[in-house]
1. Tabulate in residue order the Karplus-calculated ³J(HN,Hα) for the stretch 285-291, using 6.51 cos²θ - 1.76 cosθ + 1.60 with θ = phi - 60°, rounded to whole Hz; enter x for Gly and Pro.
2. Can you give me the long-range amide H partners of THR164? Hydrogens built in the peptide plane at 1.01 Å from N, cutoff under 5 Å, separation of 5 or more residues or another chain.
3. Too long at a 20 Å Cα-Cα cut-off: which of LYS50/LYS109; LYS109/LYS169; LYS75/LYS272; LYS75/LYS104?
4. For the ranges 258-266, 474-482, what's the packing order if you count other beta-carbon atoms within 10 Å of each residue, average per peptide, and put the highest first?
5. Could you put PHE195, PHE211 in order of accessible surface area, largest first, with the 1.4 Å probe and the full protein assembly present?
6. On a full-extension model of 0.36 nm per residue, what is the gain between ARG103 and GLU34, subtracting their alpha-carbon distance, rounded to one decimal in nm?
7. With each pseudo-label sitting 7 Å past Cα toward Cβ, what's the GLN44-ASP201 distance in nm, one decimal?
8. Whole-Hz ³J(HN,Hα) for each residue in the stretch 547-561, computed from phi via Karplus 6.51 cos²θ - 1.76 cosθ + 1.60 with θ = phi - 60°, x for glycine and proline: what do you get?
Amino acid sequence: MGKKGKKEKKGRGAEKTAAKMEKKVSKRSRKEEEDLEALIAHFQTLDARKTQIVETPCSPPSPRLNASLSAHPEKDELILFGGEYFNGQKTFLYNELYIYNIRKDSWSKVDIPNPPPRRCAHQAVVVPQGGGQLWVFGGEFASPDGEQFYHYRDLWVLHLATKTWEQVKATGGPSGRSGHRMVAWKRQLILFGGFHESARDYIYYNDVYAFDLDTFTWSKLCPSGTGPSPRSGCQMSVTPQGSVVIYGGYSKQRVKKDVDKGTPHCDMFLLKSEEGRGGRWEWSRVNPSGVKPTPRSGFSVAMAPNHQTLLFGGVCDEEEEERLEGDFFNDLYFFDATRNRWFAGQLKGPKTEKRRRRRGRRAGPEDAGEQEQACGGAGAPAPLEVVTEVAAEDGTVVTIKQMLCAPHAAGRPQPEDEDSPEEASSPVVEPSPRSNAMLAVKHGVLYVYGGMFEAGDRQVTLSDLYCLDLHKMEEWKALVEMDPETQEWLEETDSDEDSDQAEGGEEEEEEVEEEEVEDDDDDDSAEDGSSEGHPAVVPGERFADCLPRTAPLWVELARDNTGPDAKEKKVLRVAQAMAKTFFDSSV
């Protein structure tokens, strides 16, 4: 009894420490979140102009990462929502909704009244009831300079049959966070982990919540046993047996003042509902066999055929003092929960290659439906590591490691087909190494959209779309291509002249992307001065001079956004934040 009591007391102590830390982070981040609330309210005012559902055919979405890509439960469609983009000077957040029609290979943008605020690093889960529903929880909003963060704790549902957004207000849910994971389990949504970050502090979570889709109520689960340490960006999936698997993820901790150390996790846990015990849950540690993924963060996850979990890409950061370099990946791994085993995804090559092997009798019979062989069985060739050097505009050379399928012809006599040398020299079509990409699987086909990689100090955000038939595992197909060299990157500068040039470049980019012209209020407002009721900025005017001159109008706008019951101090703070944001985007 004594040992048990001591253990329980130690557990309660850890919970108290975590609670104190969360309260400390919440208090310090409250002010900066209040400042961002003004900007979020400003964007919502623009969204309020949408009064009817408008679906417009469009070109593929602009580059982004940390969005959500979901397969429609009934139609041959993919649903893209939210995300972020950084051009070197400014951070853009999105709440746009795009639909990709798989059969027609076409995109459309859907404008719906009263959408969720702009966000990234949220979670979206599709359930079949009611003609299909897309549930979205949490995520974050960043200031244009990327220095401040607002973490959402709201829950939304997109009714796919009627194309309407609805905010579901239920108490007792998770705190504001991003980087968490959420899955559909029976008629519930199960949510785990994530993090909350302010300019000075951060906290990672390992709590578990359940949302009942019938009663619209949250409940916090308190599983027995030892579970995962706090983390974000992990793999979370449901097994055929009805348990929930947690693998990997990322967290960081402060080792000394202003010095943090990041940790990519490689452990795996099973969250199991204890049948007949009043909704109790239990954690257990899992040690899978097979070819496990190398340590990484920023990987993407989707459910593959045969109830296997698919893991794609990511980055392994190598930290040396103040220098941080990342090795980006584009490899595939499958986790089979029924066998408790990892498999490395290996491509078989195009059909023409397979037919030659059959004619040459160089290989045994191949069963395209056998997932183990497709995912790296005993007879599969070992992956080949290819090192690529990418040169940034500043001359920095970054090394990117790629894991490719070993050449099929290696060690085998070449067929005497005339076109064989041509095929052998043809370039390999595949997604470039990346992290934070968006994944979805529909009818056994994997779709990979966007993400990012780094080249020196430059962040390349992608807008390409690739697909891979997971039943055949033959070859990638490029549905939307992108040349990373064409992406504009604006260097940070303190020069007014350079700043003007940078803003001009940004406006040119937005003219190319029609959706940005429609939705990005900052640049539009700067062009027409006070067309939206905003005070115009006089050319060459400083913010210190502009604020006193325009303060009455900003206070009026702020009071409209904060409501009649808001304290005067908050109204003034919101007014100043709105004025500063508008001024920065206008000069």
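The values are calculated or read from the model by the stated rules, or taken from the named source; none is laboratory data. Predicted model only: the values in this text are computed from it and were never measured. Cβ atoms come from the backbone with ideal geometry, glycine included; neighbour counts cover every protein chain shown. In case anyone asks, the SASA skips ligands and DNA or RNA and just uses the protein heavy atoms, side chains included. Shrake-Rupley method; radii C 1.70, N 1.55, O 1.52, S 1.80 Å.
1. Residue by residue, the stretch 285-291 yields 7, 10, 10, x, 9, x, 8 Hz.
2. The answer is HIS159.
3. Working: LYS50/LYS109 13 Å; LYS109/LYS169 27 Å; LYS75/LYS272 32 Å; LYS75/LYS104 12 Å.
Distance filter (> 20 Å) returns LYS109/LYS169; LYS75/LYS272.
4. Values: 258-266: 13.0, 474-482: 15.4.
Answer by packing, highest mean first, reads 474-482, 258-266.
5. Details: PHE195 35, PHE211 0 Å².
Largest accessible area first, the residues go PHE195, PHE211.
6. Details: separation 69, 0.36 × 69 = 24.84 nm, distance 4.49 nm.
Stretched fully, the ARG103-GLU34 segment lengthens by 20.4 nm.
7. Output for this residue pair reads 2.5 nm.
8. Using θ = phi - 60°, the values come out as 4, x, 5, 9, 3, x, 5, 5, 5, 5, 5, 5, 5, 5, 7 Hz.
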